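For reference, the structure is listed below as structure tokens.
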Amino acid sequence: PKNFKFYAGSIEFTTYYRTEVNIVNNNSATVVIQEEDRIYNIPVNVDTTTNLDFSFLLPVRQYKQTAQEFQVDSDLKAYQFFTIDVPIKGKVQSLIVSVKDPGGTEDKIYQQFSSLYLMSSTDYGYVSRKTAKGRRIFFGNGLIGIQPLPGSTISILVNETEGLNGNVIAGSVKRGERIYYTPPSSPQTKIIDYTVTNASGAVGGAEEEDLEETRSNSIIALTALNRLVSE
């Protein structure tokens, strides 16, 4: 399934797509991954000496997901900005912010902006700022960005990363979650026996900006506004 987890010690690596593995007559295999509306066929290496083992490579990302929920104040006034503080212990790889109206059934995904003042009155957006304890999320007021309705439920999905510590060396990933299989001829669920390792080291992990760098870069982004400027 999507968000399947592998581990290098306590460091978590996650798939961001659904994987389907088909075994045909115990002598061939196909692997297909689906990421949203995109589908990819993954090359499969079959052990021709026994025809009992096969292997394939999957891309993974180093983060773990945590979910939090917040309620919009029921007495939120018209044209009033709304702010929530999200406690986060690790480093943030990304945030997914969604809002469900009172009594609603669907979540509306909000997009991140670098400043409140870059949002129009029709933008479902938010601004994120780093704090000593996590993130502070700012929403619009109806004139600058859409204002969440009073009593709405805000869902925050946080992808937390280890930063530089996530750049593990090759061979560090040694275990993963269990894979279950139910044979067509039997209702009994079985556990698939498999081994996993990372053939190459993980790359791309970086540290977050500290508070001073975040403050400085926010000021630069707001004053420049994509214009050509000098220091």
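The values are calculated or read from the model by the stated rules, or taken from the named source; none is laboratory data. Since this is a predicted model, take the numbers as computed values, not measurements. When we count neighbours, we look across all protein chains shown, and the Cβ atoms used for this are built from the backbone with ideal geometry, even at glycine. With ligands, DNA and RNA removed, areas are computed over all heavy atoms of the protein, side chains included. Shrake-Rupley method; radii C 1.70, N 1.55, O 1.52, S 1.80 Å.
With θ set to phi - 60° and the Karplus curve 6.51 cos²θ - 1.76 cosθ + 1.60, what are the ³J(HN,Hα) couplings of the range 73-87 in order, to the nearest whole Hz, using x for Gly and Pro?
Values per residue, Gly and Pro as x: 3, 5, 9, 4, 7, 4, 6, 9, 5, 10, 9, 10, 9, 9, x Hz.
Kindly state, to the nearest 0.05, the FRET efficiency for GLN71 paired with THR122, given R0 = 25 Å and r defined as their beta-carbon distance.
The computed FRET efficiency comes out at 0.55.
On average, how much accessible surface per residue is there in the chain, in Å², for a 1.4 Å probe, leaving out ligands, DNA and RNA?
On a per-residue basis, 66 Å².
Could you work out the relative contact order of the chain, using alpha carbon pairs under 8 angstrom and six or more residues apart, expressed as a whole percent? Present the calculation step by step, with values, prior to reporting the outcome.
On the way: 448 pairs, mean separation 44.2, N = 231.
Over the chain, the number comes to 19 percent.
Return the lysines within reach of LYS130: Cα separation strictly under 22 angstrom, same-chain partners fewer than 8 residues apart disregarded; answer none if there are no such residues.
Candidates past the 8-residue exclusion: LYS64, LYS89, LYS91.
For the range 61-116 and the range 1-48, compute the distance between their C-alpha centroids and round to whole Å.
Answer, in whole Å: 31.
Share of the chain's accessible area from carbon and sulfur, percent, 1.4 Å? Numbers along the way, then the final one.
Numbers: 7810 of 15240 Å².
The nonpolar share, carbon plus sulfur, comes to 51 percent.
Calculate for the chain the 222 nm mean residue ellipticity that helices alone would give, adding -39,500 (n - 2.57) per DSSP H run of length 4 or more and normalising by residue count, nearest 500 deg cm²/dmol.
Calculated mean residue ellipticity at 222 nm is -2000 deg cm²/dmol.
Rounded to the nearest 5, what is the percent of antiparallel bridges among the DSSP beta bridges in the chain?
95 percent
Run through the range 1-101 and list the trypsin sites (Lys or Arg not before Pro) located in a DSSP loop whose Cβ has at most 16 other Cβ atoms within 10 Å.
LYS2, LYS77, LYS89
Could you tell me the largest-minus-smallest coordinate of the C-alpha atoms of the chain on each of the three principal axes, in descending order and whole angstroms?
Each principal axis gives a Cα extent; for the chain these are 69, 48, 31 Å.
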